[in-house]
Amino acid sequence: MRNLKLLKSLCSSELQGLGSPQCFSVRADTGSLLVASQYSITEYDPRTGQVVSEASLTADNFLPEDGSGAVVGLQDLAELESVCLATAGGDVVLFSLNTCQFECVGSVDSGLTSMSWSPDEELVTLTTGQETIIMMTKDFEPITEIRIHQDDFGEGKFITVGWGKKETQFHGSEGKQAAQRKIQEVQPAAGWDDRRPRVTWRGDGQLFAVSAVCPQTGARKVRVWNREGILQATSEPVNGLEQALCWKPSGSLIASTQRHPNKHSVVFMEKNGLLHGDFTLPFSKDQAKVKELLWNSDSTVLAVWVEDMTAGEDGSFNTCIQLWTVGNYHWYLKQSLDFGRDPQKAPVCVCWDPEHPLKLHLVTRSWTSITYDWGWTTERSPGLDATDNASVAVIDGDKILVTTFRQCVVPPPMCSFELQLKSAVNQVTFLCQPQRTNELAAFTANGQISVYSQDSREPAEKTADEFRIVSRPLVLRKTFSVPALQDDPLALRQMLWLQDELFLGVSTGLLPTTSTLKMLHPAQNDSDALAVRSEIEVDGVVVSMVHCSQSGTVALQLEDGQIRKLLWDCPEQSVEDWCDSTGCKMNFPVPCVQMALCSISGEEYLLGLTDRSHLYAGETELASNVSSFAICNDFLLITTHSHTCRCLQLSTLSVKGLQAALASIGGQNDETLRRVERGSRIVTVVPQDTRVILQMPRGNLETVHHRALVLAQLRRWLDDLKFREAFECMRKLRINLNLIYDHSPKVFLENIETFITQLNSINHINLFLTELREEDTTSTMYPRPESTPVQLPPASGLKVDVVCDALRSAMESMDPNKSVIQHIVTYLNCLTNDLDSFIAVKVCRLCRCNQQGDIKGSPPSRFCLSILTAHVKKTVPELEVALQKVHELRENPPEAPGAVNAEEALKYLLFLVNVNDLYEHSLGTYDFDLVLMVAEKSQKDPKEYLPFLNMLKSLELNYQRYTIDRHLKRYRKALFHLSKCGEEHFPEALQLVKEQKLYSEALRLFTTNSAHYKALSCAYAEHLVEQQQVEQAGLLLWRCGESVGALQAFASSSSWRNAICVAQHIPLPPDQLALLARDLAEKLTEQRRYSEAALLLDQYAKDCEEAILALITGAVWEEALRLTYMHNRQDITETNLKPALLEAVNTQAAFLEAQLATFSRHRTRLAVVREQKQKARLDMLDEDGPDCPDAELYSEASSVMTGSKYSHSNSRISSRSSKNRRKAERKKLSLKEGSPMEDRALMCALGEIITTVDKMREEVHNLLKALVLFQFDKQAEKLQAAFEEALQTMETAVPEVWPEGLQQNQAPITGPNSTANTIMASFQQQQQRPAASQDAELPAPPKMRNGVKWKLTILK
């Protein structure tokens, strides 16, 4: 849906020469024109107006001096820096552009009729006067000479397999008469045909086609040859085929023209000579002739050079060049260049630029050269509010195809409506005035401007055929003539419609390097004509203009990328440089083919897209792979060559932020990015909507709702409390409905009645409730924009429960039957509070009786189903409440028509909840009427549930409820009801407690003095013994009076104090008490609880000697000495105490020596490991550089050693249990040399040694005091010195083993041994740590208790 827009035109009339131009070519390297006439060849630069070189063709007798000669071919040969031309006399001449010398490289006696070079300039074909084709290399060595007219079809001849005769074959809709129809004879070529052969090459240079007049029929026939000169195919007989011939560069079709009895067409042939499509030219049968067809270099535009066949009153012919494009298999006439009837202005040579696809060159008979530069543009309405219809105008000859995308999406070539004009349209522009942006103006080839506006009459809703009118067509309001542009309509380009009857256009300035801005408005003496109100001269060639309807700014772009601003709405119009907020000039680095004005962070910027897909904001490049972009409201939308569409909010981003956002890949929930079809381009964006219209390369349209636009629109609706619009959009576009609440929980809860009123649909409310979940969609699926403040949800309760309760309360408050629900809740509260069942039934009946009159006289509940949904959808579904509501509906059916009855409500509940679950919950209400109602709706067999229900009804009430609860596996409730069933059911209760382990609940149901309580306590104690909680079992047995069992429990658990208390409570005889004390002391000694064992032996067993020996064994020196003197047993001091002291000294000294040796060995090994690791890391980085993928493995966090036999597989263990994780950690932290984590293992071992030695402070202190007391000073001094040395050694080693900043071991490595590679790698690792280094954290240094006083001063 793009149009061709004239960017600039260059007209140069300085070139003059003898005769008239006959052939011309464009030099690709310099851009100059090579023009050959019947007298000379000239190289001319139209930009400077200078003749670069000129040479006469008559001086060397290549052409006759009388001007009767002709040049039939001209080709620039860039590799040879020469020009090859062919004359009608048969000479092939090379003209050197450096020396301006001619060289005849060949001559044909019969003369030449054409010359055509292959696109790669490797071959040249010449057609001679004897109807032959001569093929030569670029060095003009002949390859072959073949006749043009051959009887053979060619190598691609169709094969007939002999399936019957033509008379017996199926002829489709033509019927059997087609078999007898005689083939019509082909008519000869038209009289105006010059009968010269036409040669055209395919873009890849592998094939060429020749159109020549057949001698037998006199009609033209096309033959296709390969580059070896072998005939491939001959076209089928085509009646009325004309001389024009051009092969599409992309290689698919050959274009020619054909004159039918009733129309004139451009037809296309395949390489096999068969016709393949056509389109009709806008002329009558004998109105015009097509002189040439010319494809541009990228095959997107076909130029048709047309000349009238009927001369005017002055005997001259009108000449026109039409530019056609194709989309969705429809050919559009985009531009019509009418040159009038002046023969001097008529073009005699036309060609496309070989380097720039949309640049057209032509030379007129008067030697005037004209160059047109075109560009693609999409003419869309510029409105920003909802009144804009998102209209797009497409030029198609003398029609404008308008599609209003707000109302409907119509694929081209169809449209919403057509605007028929009297002449071909060259430009279309929309009114840049708010509220009127749907109006458009068309600039036609006859120099008129037609203005179309909306019909002010009352619109009809339907057509005469009863079709609904979706889009109202525009109506012609006025047609203005522009007298100043009648001679040259293309003199005005880049037209903008600024205000009502005020137009702005660009024309060529006084100099070729300047432009003139013209403001057009109705003339004072003629309101139907536009006069130039003011002219503004611009120093530079203006190639594009853009207007912002919101700010009124008009921006200009010059051909070198400079940006200017037009001050048009002031008394003195002027043009100034575009400057930013700091006053610095802003220009595009390169010219842009598409521009748009926008506001970024409050500052106005001009965005530009180059033909190389670079997007700029002023001088800043935003992206480099953009295929199209559009500005809509506050959003920038772009499509990229990676087949994505981005949508960014400009008000929340700076230019740098915009640049970073476009460079980012995008996360999983990135709302700014979405995939689109390959080659998609943005046509338009519907303002204040969510629709983006994309066009595919083949021309069809696709509408997408970009997530960013959708969410922005939803947020606006939710902020404005437009819940219905938001809900409908979310339901249509599959947006999670949780966003309605998550966007602003507080606002939603405060306006929940508004939400219900706007939705006004039970189904919609139910849909909203069923989609609720605990996830906060604003932090997962639809993240908030960075500038949006975070909305905190209510602190109380879960989200689903809060919303369900709020909606239910609101619906009940809006429901006249709310009292029913309140009584149901009261009834259920009575049940859950464990009131007597008789009272519960009475309360329920009372509620029903009190409300009987209100229910019968009130209208039915509108929100009954929604209230049921709110109960069921809660985190813990309130199925009982929902079932009671259904039961109330059954007992008191609503009388109003259309009301929800119990059957419908129950059917709806079964839709929400599994029928078996609902049956179980109904059974849990102990209401058999409700159970039957649910069972009837289920798939259960009555033989299955009726006997069970009858059995339940026959039971006593409490036992009945116990049976139901046990069936439903509600064991706590079952135990509660069973405890009320009497003595005969206590064994069953005890069995239930044991099976379900409900001991604590059971103890609370019986009095402490009852036999049931004692039995439960004993059972509980047995359970605790099995669970290895023997001491707690003893407590239970003791308090229930089972002293013997309690004594055994306390004794086995070593709870000696409780055991002694129970023993004395029994009471036990003294000898048995002493025996108990000895048994307990033995167990305590095994547990190294020597002080407690000594207390039992001394006080209860009355054995002081054993008590003292226990204290000596436990190194409790002072207590042992106290008992020795207390019981006057000083003999033990000599026999046991002193030898034990000396043995303890030796043991401690040996232990310290061993610990110090191990510590020193680990410390030395750690230094070696770190040195080897650092060396290996630096060596690898120097060898492979900082980009080596394994560089991070040699960081400080890893212990990879060169030549290690251990792999890294341990770091990738997927552990599923703590046991496996601990096992994996132990494997990783191995002290074996060369293990991956050896340095960490060494650090852990050193830390354990330091901690162990540090804990010996109190033990050594007590030992030293005892040694000094018994005058073992030498041993004490030696032990104190050894222990002090050990502590000092370890304290000194702590900074070495755990250096400062070890946790931040990714700090950049610098120093004399570092290189550029190692430093760069260090900085990279600082930004991104490897995953392997995070598996095992570095052990923290141990804390030494230097504040503990352990040394004795007397030993210093």
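The values are calculated or read from the model by the stated rules, or taken from the named source; none is laboratory data. Predicted model only: the values in this text are computed from it and were never measured. Cβ atoms come from the backbone with ideal geometry, glycine included; neighbour counts cover every protein chain shown. Accessible surface is based on the protein model in full, side chains and every heavy atom, while ligands, DNA and RNA are left aside. Shrake-Rupley method; radii C 1.70, N 1.55, O 1.52, S 1.80 Å.
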Could you tell me how far the Cα centroid of region 1273-1301 sits from the Cα centroid of region 910-952, in Å?
79
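Which order do you get for Y741, Y1125 if you rank them by accessible area with a 1.4 Å probe, largest at the top?
Numbers: Y741 5, Y1125 135 Å².
So the residues, ranked largest to smallest area, are Y1125, Y741.
Under 8 Å for C-alpha pairs, at least 6 residues apart: give me the relative contact order for the chain, rounded to a whole percent.
Across the chain, relative contact order equals 4 percent.
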Calculate the length of the line joining the C-alpha centroid of region 378-399 to that of region 315-330, in whole Å.
24
In terms of the alpha carbon gyration tensor, root eigenvalues a ≥ b ≥ c, rounded if a/c is under 1.5 and otherwise prolate when a/b exceeds b/c or oblate, region 993-1036 is oblate
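For region 100-147, what is the relative contact order in percent, using Cα pairs closer than 8 Å and at least 6 residues apart in sequence? Intermediate results must be reported in sequence, preceding the final value.
Details: 71 pairs, mean separation 12.4, N = 48.
Computed over region 100-147, the figure is 26 percent.
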With M545 itself left out, Lys, Arg at +1 and Asp, Glu at -1 over residues whose Cβ is under 14 Å from its Cβ give +4
Which shape class applies to region 888-962: rounded if a/c is under 1.5, otherwise prolate when a/b exceeds b/c and oblate if not, where a ≥ b ≥ c are the square roots of the Cα gyration tensor eigenvalues?
prolate
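Do any of K5/K359; K291/K422; K289/K359 go past 21 Å between their Cα atoms, and which? Write down the numbers at each step before the final one.
Working: K5/K359 12 Å; K291/K422 25 Å; K289/K359 24 Å.
The answer is K291/K422; K289/K359.
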Cα gyration tensor shape of region 550-625, rounded if a/c is under 1.5, else prolate or oblate by comparing a/b with b/c:
prolate
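Taking the Cα centre of region 1-137 as origin and charging only Cβ (+1 Lys, Arg; -1 Asp, Glu), how large is the dipole, in debye to the nearest 20?
Working: 5 positive and 18 negative charges, 165 e Å.
Dipole about the Cα centre, nearest 20: 800 debye.
Can you list which of the GluC sites (Glu not before Pro) found in region 294-400 are DSSP loop residues with at most 12 other C-beta atoms within 10 Å? Write down the numbers at each step before the final one.
Working: sites: E307, E313, E355, E379; in loops: E313, E355.
Passing sites in region 294-400 are E313, E355.
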Residues meeting the amide H criterion for S391 (H placed from the backbone, H to H distance under 5 Å, 5 or more places apart or on another chain) are S381, F405
The chain - Rg and Dmax from Cα coordinates, angstrom
50.3, 158
Please compare each pair in K157/K221; K399/K478; K969/K997 to a cut-off of 19 Å on the Cα-Cα distance and tell me which ones are over it.
none
What does the helix-only formula give at 222 nm for the chain: each DSSP H stretch with n ≥ 4 adding -39500 (n - 2.57), the total divided by the residues, and the result rounded to the nearest 500 deg cm²/dmol?
-10000 deg cm²/dmol
Relative contact order for region 959-1023 using alpha-carbon pairs under 8 Å, separation at least 6, rounded to a whole percent?
22
Amide H within-cut-off set for K8, under 5 Å, with H built and near neighbours excluded
D373
Count the net charge of all other residues whose Cβ sits under 14 Å from the Cβ of T684, scoring Lys and Arg as +1 and Asp and Glu as -1.
+1
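What's the local net charge at L694, with K and R +1, D and E -1, over the other residues with C-beta under 12 Å away?
+3
Against the globular-protein guess of 2.2 N^0.38 Å, express the Cα radius of gyration of region 18-58 as a ratio, rounded to two decimals. Walk me through the numbers on the way to the answer.
Values: Rg = 9.9 Å, N = 41, 2.2 N^0.38 = 9.0 Å.
My calculation over the Cα atoms of region 18-58 gives 1.10.
With a 10 Å radius around each residue's Cβ, average the other Cβ atoms per peptide and rank 32-44, 522-534, highest first. Don't skip to the answer; put the middle values down first.
Values: 32-44: 23.2, 522-534: 14.2.
Packing proxy ranking, top to bottom: 32-44, 522-534.
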Please list, or write none, the aspartates and glutamates whose alpha carbon is within less than 18 Å of the alpha carbon of K1255, excluding same-chain residues fewer than 8 places away.
E1153, E1284, E1285, E1291
So, in Å, what gap is there between the alpha-carbon centers of region 859-894 and region 724-781?
21
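Only sites in a loop by DSSP and with at most 14 other Cβ atoms within 10 Å count here; which GluC sites (Glu not before Pro) in region 1228-1289 make the cut?
Numbers: sites: E1233, E1238, E1248, E1258, E1259, E1277, E1284, E1285; in loops: E1233.
Those that pass, being in a loop and sparsely packed, are E1233.
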